[in-house]
Amino acid sequence: MSEAVLEAVGLTQEVSSPEGTLTILNQVTFVIGAGETVAVVGASGAGKSTLLGLLAGLDVPTHGEVRVVGQSLSALDEDGRAALRANRVGFVFQSFHLVPALTALENVMLPLELLGRPAPRAAATEALARVGLAERTGHYPRQLSGGEQQRVALARAFVTRPQVLFADEPTGNLDAATGLRVMELLLALNREAGTTLVLVTHDRMLAARCGRILELAGGRLVADTRTAVV
Amino acid sequence: MAVTPPPPTPASAVSGAAAHAAGSAWRVLRFAMRHLWRDWRAGELAVLAGALVLAVAALTAVGFFTSRVSRAVDQQAAELLAADLRVESARPLAAQWSTEALRHRLTIASITTFPTAVFHGEDNALVTLRAVSAGYPLRGTLRIAAVPFGPAQSTQRLPSPGTVWVESRVLARFGMNVGDLLSVGASELRVAAVLDYRPDQGAAFADLAPTVLLGQTDLAATRLLQNGSRATYAQLYAGTPSAVAEFRSWLEREKGDAVRVVALGESSEQLKGSLDRAQRFLLLSALATLLLCAVAVAMAARRYAARHLDLAALMKCMGASQRFVLATGLWQLALIALAGAALGVLLGFGAQAALAWLLRDLFSGPLPPPAASAAGLGLVTALAMLLGFALPPLLQLRAVPVLRVLRHDVGVPGMGFYVAPLCAVASLGGLLWWLLRDLLLVATVFGGLGALVAVLWMAGLGLVRVAALARRGTGGAWRYGLANVGRRGAGSVVQVVAFGLGLTVLLLLAVVRNDLLREWRASLPADAPNHFLINIAPEEVAPLQAFLRAGGVTVEALSPWVRARLVAVNNRPVSALKLPSDRGRAFAEREQNLSWSATLPRDNTLVAGHWWPALPAPGAPAQVSLASEFATALGLFVGDQLVFDVAGERLTARVANVRQVQWDSFRPNFFVVLSPGALEGAAGTYMTSVHLAPAQRRLLAPLVHRFPGVSVFDVEALLVQVRQLIDRASQAVQGVFLFTLGAGVMVLAAAVQSTRDERRFESAILRTLGASRAVVIRGIVTEFVVLGLLSGVLASTAAAVAGAFAAHQWFHLAYSFDPLLWSVGLGGGAGLVGVAGWLATRGVVNTSPLTTLRH
């Protein structure tokens, strides 16, 4: 396997509830190499989104450890984890998370501006052109269809050239045909950039387009399958 | 897209990346500026910025304007010296002073004054002779008339050689006319005009002998000025403020004890009292605007922060540190404050020009330019408003959990229920203290506000409960509206508080303000006294009263008084006291008019201590009552021991109380009033004030002829000026009220907006489920009308209480409750809030449910 980009070691997540302690993830361990496309599948409540949050450093596990490019997230505080994400991680969300007060172009410029990258406008314009929205740069999210909004989100995710891209149900809010087109685009961009993709989905068809499938059930990793996709 | 893999980042660069993410101040500032502009463009900042600009504009307009008025009042005070600076001495003044004054580019005039007798035939009268040099007066103008007590006009001239100008009283005394000859020492001088007014004649009736004014060149020929004459030599200087100040400091070093620098006198107490009250009205309107804007800013910032929770989480997800998020928020606040202050100050400047135009007739010349410090007030206001009301919700953005990007139900950890109120109280309290400098007043305002918020809050909670019960029995739209009130719970309570506060302030200004202004106008009726009669000997009291009554003039009670000088305070001579102000020095230097009274005089209210018993025990020590201006200027308190010199006799009295005097009543009032019996045996005289209709002014000449010792002072001009001030100030208050109205609209908009997002979603769901637009609109209007009704009735009560408090404590006016207030409050509350709610949320039902639900 190529160089390890993401490592999960004995990841366990527990939460308190009126009924007692609830284990959402239980001793999950795996390694993801550079450039891999990995789908995390499972039924609702299997712990998919929780796993994604822990891998991206959005939350901290109760037990276990996550390493991103060899850097242990447990050793970093919240700002340290944010800094790691800044340069290496991109996100695509089910509900797009576009900022309503910003135009499509400004939404794509946002991560570049946060990083203080030079000429964010040019890079963002190019990214939008790549996802086929060169004519819609001045439109606000409310003026775009769901598919278009998710394409803006894709441009925003790839514009910083992240090493790892986390996608949480990226087609969950789209109809089947639009979802398919968005997925095609996501995979194409991913191939071009050589990004490591971790995709959470409950859609087996989409998962099958990834090189590897991790299956969760009841918070446990029950299967780790490599597909025929290269 | 050129998506190439990023350059490998060494592990050590992670900390560098963190520093990068935190960013340099410049990078944060640029980011903050960009996003602020984008928020502005998207309409996210409209209410926040609008409320801020309004608050700054209202306060700076009043600040700029009052600074101009107080400068004008200072100028008028300078007129009382007829100069910017005046020195007096019992000996002729050194020539080097004129040389030095000229070197400072000051203009100079001189006056020689002494008492003497003048003759007309065999008859004589005691007068004050004033020989003035060319240029007199350096400030203000003289007024002369053609006939005694006739209409007067301003003049730039002085008596030409061989002539004098004399006061009406002298002519009436001798039965002379203009053109007759008057014997002044060895000279026979022709009376060329009646001297009606000179700027330095004093407002405190200090010069009782009438003036004969002549040119200095005629003085020698009178041969009246001999060695040993009781003359006062005065030199007058005028110039730019800095030149005058420089010359004054030189003079203070050089002059020695024999020469006295005359402190700036006070302008007339009557005009000052009215100006003070006018400024209080303006300040009240501005403060009301400020309070409303604070409510609007707080609500708008709450919504702004709520709408930015997702952005903050997203920024963190993309790598922004907490510091970066916080710094961005702080920069944005600072930028909003700067822009709001700049725009508000500009608006305020324009508004003060309009106020000055309204009051243009009150001042003899153009008003001086406003003080730049009012612009500083604008910036401080903006900062205080944002720090107090907008900072707490924005600070919460820093603590937004990044996990919110995946799970929208993840909320923001609370910052402690006391933080937001503490910030609000600290900033508003600081600002009010800075503006009012009255701790008790600030505490009262806060106590009142706190009580009002508590009552509104509890009433809101009650409404939510009742609404939850009542909705079971009513029809469709009503049920939906009431259900909304009950279901929104805390949101409804917050809206009741906001609407209640907004309506209270609006009612206070819309209804109570009119009542107060009416009371103010009524305090100066058409028959207010316009002439003061001074120096009435005890044996003249009854004949004078009879004379006036025979002429159809109503005479009120006469007040006794003597001239006295304060010589010691708590066994320390007055000259050894460290007095903080010119006013204190003026009080200490000049003779005081002392009166005595068994009862608290009309137009006076006690502010400290107790009034003495009407019948003091025989042999009880003397007590004294002081006007608050006198006590403050001299730093005196109840219990202090004062010693007065009354015609060479020492009189010791203890301060029993301090009074607030309504000087603009135009009735005799005194800074110092003694307990009965204290001045027994002192050779006192009486004074009174009367109203003379134009036709009754013909009584003045025979009055002066029959009672030659009585001095008559005509205050008609001042009375007109005060009346004009009241009328114009009322208009100015209406002008400032426009700002308050604007602020009220802002509060309504902010309160309505606070539940807009929630309402939009509900409306979409309801319409999707088959409810018609009409049902949804009726439901929304019902909800707002119910909230408005409750807020309106509570606001009416609060406005009535606040109005009564302001009337008694602040304006010293009577106030009667107006039942109309409750009808206006109830109707206005339901109508205004209902319409505002409908206007602001009609967009909610005009958006297609699909669009709403999709976003």
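We did not get these values from a lab; they are worked out from the coordinates using the rules stated. Keep in mind the model is a prediction, meaning the values are calculated, not measured. Cβ coordinates were reconstructed from backbone atoms using ideal geometry, including for glycine residues, and neighbour counts include every protein chain displayed.
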- Message: Let me check against my output: what whole-number percent is the relative contact order of chain B, with C-alpha pairs under 8 Å and at least 6 apart?
- Response: 17 percent
- Note on the structure: Candidates A:Thr12, A:Thr37, A:Thr62; GNM for chain A (alpha-carbon contacts under 10 Å) flags as most fluctuating A:Thr62
- Cα-centred dipole magnitude for region B:555-690, charges only on beta-carbon of K, R (+1) and D, E (-1), debye, nearest 20: 260 debye
- Message: From the phi angles alone, apply the Karplus equation (6.51, -1.76, 1.60; θ = phi - 60°) to region B:701-706 and give each ³J(HN,Hα) in whole Hz, x where the residue is Gly or Pro.
- Response: 4, x, 4, 5, 5, 7
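Where does each of A:139-150, B:689-700 land if you order them by average Cβ count within 10 Å, highest first?
A:139-150, B:689-700
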- Task: Starting from the Cα gyration tensor of region B:555-690, take the square roots of the eigenvalues, sort them a ≥ b ≥ c, and report rounded, prolate or oblate (rounded when a/c is under 1.5, otherwise prolate if a/b is larger than b/c, else oblate).
- Result: rounded
- How well do other chains shield peptide A:85-94, expressed as the mean number of their Cβ atoms within 10 Å of each residue Cβ? 5
- Note on the structure: Candidate span helices, chain B: DSSP H, at least 27 Å along axis from Cα coords, Kyte-Doolittle average at least 1.6, result B:439-470, B:773-805
- Under 5 Å from the placed amide H of A:Val5, counting only residues 5+ away or on other chains, we find A:Ile32, A:Gly33, A:Ala34
- Message: Give me the base-10 log of I(q)/I(0) for chain B at each q in 0.11 Å⁻¹, Debye formula, one uniform scatterer per Cα, rounded to two decimals.
- Response: -1.26
- Item | Using alpha-carbon coordinates, inclination of helix A:104-115 to the longest axis of chain A, degrees | 60 degrees
- Long-range HN-HN contacts of A:Thr227 with modeled amide H, under 5 Å: A:Arg212, A:Ile213
- Message: Run the numbers for B:Thr240 and B:Ala598: contour at 0.36 nm per residue of separation, minus the present Cα-Cα distance, in nm.
- Response: 124.0 nm
- Any idea what angle helix A:176-193 forms with the longest principal axis of chain A, computed on alpha-carbon atoms, 0 to 90 degrees, nearest 10? 90 degrees
- Taking DSSP loops as anything outside H, G, I, E and B, show the longest stretch in chain B free of GluC sites (Glu not before Pro) there with at most 11 other beta carbons within 10 Å. B:123-679
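Sum -39500 (n - 2.57) across every DSSP H segment of at least 4 residues in chain B, then divide by the residue count to get the 222 nm mean residue ellipticity, nearest 500.
Computed ellipticity for chain B at 222 nm equals -17500 deg cm²/dmol.
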- Task: Taking just the C-alpha trace of chain A, give me its Rg and Dmax in Å.
- Result: 17.4, 53
- Roughly how many debye, to the nearest 20, is the charge dipole of chain B about its Cα centre, given +1 on each Lys and Arg Cβ, -1 on each Asp and Glu Cβ, and no other charges? 3800 debye
- With the contact rule set at Cα under 8 Å and sequence spacing of 6 or more, what percent relative contact order holds for chain A? 27 percent
- Once amide H atoms are placed 1.01 Å from N in the peptide plane, what residues at a sequence separation of 5 or more from A:Gly90, or on another chain, have their amide H within under 5 Å of its amide H? A:Val164, A:Leu165, A:Phe166
- Task: Starting from the Kirkwood radius over alpha-carbon pairs of the protein assembly as shown, derive D by Stokes-Einstein at 20 °C in a medium of 1.002 mPa s and give it in µm² s⁻¹.
- Result: 60 µm²/s
- Query: Using the Karplus equation 6.51 cos²θ - 1.76 cosθ + 1.60 (θ = phi - 60°), what ³J(HN,Hα) coupling, rounded to whole Hz, does each residue of region A:65-77 give in order, writing x for Gly and Pro?
  - Reply: 8, 10, 10, 10, 6, x, 8, 6, 6, 5, 7, 10, 7
- Message: Residue by residue through region B:626-631, what is 3J(HN,Hα) from phi via Karplus (6.51 cos²θ - 1.76 cosθ + 1.60, θ = phi - 60°)? Round to whole Hz and write x for glycine and proline.
- Response: 10, 6, 4, 4, 5, 4
- Item | Sparse-neighbour loop sites [trypsin sites (Lys or Arg not before Pro); region B:436-539; at most 14 other C-beta within 10 Å; DSSP] | B:Arg437
- Message: For region B:107-238, take N as its residue count and report Rg(C-alpha) divided by 2.2 N^0.38 Å.
- Response: 0.97
- Task: Answer rounded, prolate or oblate for region A:16-80, using the Cα gyration tensor with square roots of eigenvalues a ≥ b ≥ c: rounded when a/c is under 1.5, else prolate when a/b is larger than b/c, else oblate.
- Result: oblate
- Item | region A:100-198 - percent relative contact order, Cα under 8 Å, separation 6 or more | 28 percent
- Taking the alpha-carbon centre of each part, the distance from region B:490-538 to region A:100-158 in Å is 58 Å
- Task: Give me the angle, in degrees from 0 to 90, between the Cα long axis of helix A:78-88 and the longest principal axis of the Cα atoms of chain A, rounded to the nearest 10.
- Result: 60 degrees
- Query: Viscosity 1.306 mPa s, temperature 10 °C: Stokes-Einstein D of region A:121-230 from its Kirkwood Cα radius, in µm² per second?
  - Reply: 106 µm²/s
- Select from B:Val412, B:Pro369, B:Pro210 the residue farthest towards the positive end of the dipole of chain B; place +1 on Cβ of Lys and Arg, -1 on Cβ of Asp and Glu, and compute about the Cα centre. B:Val412
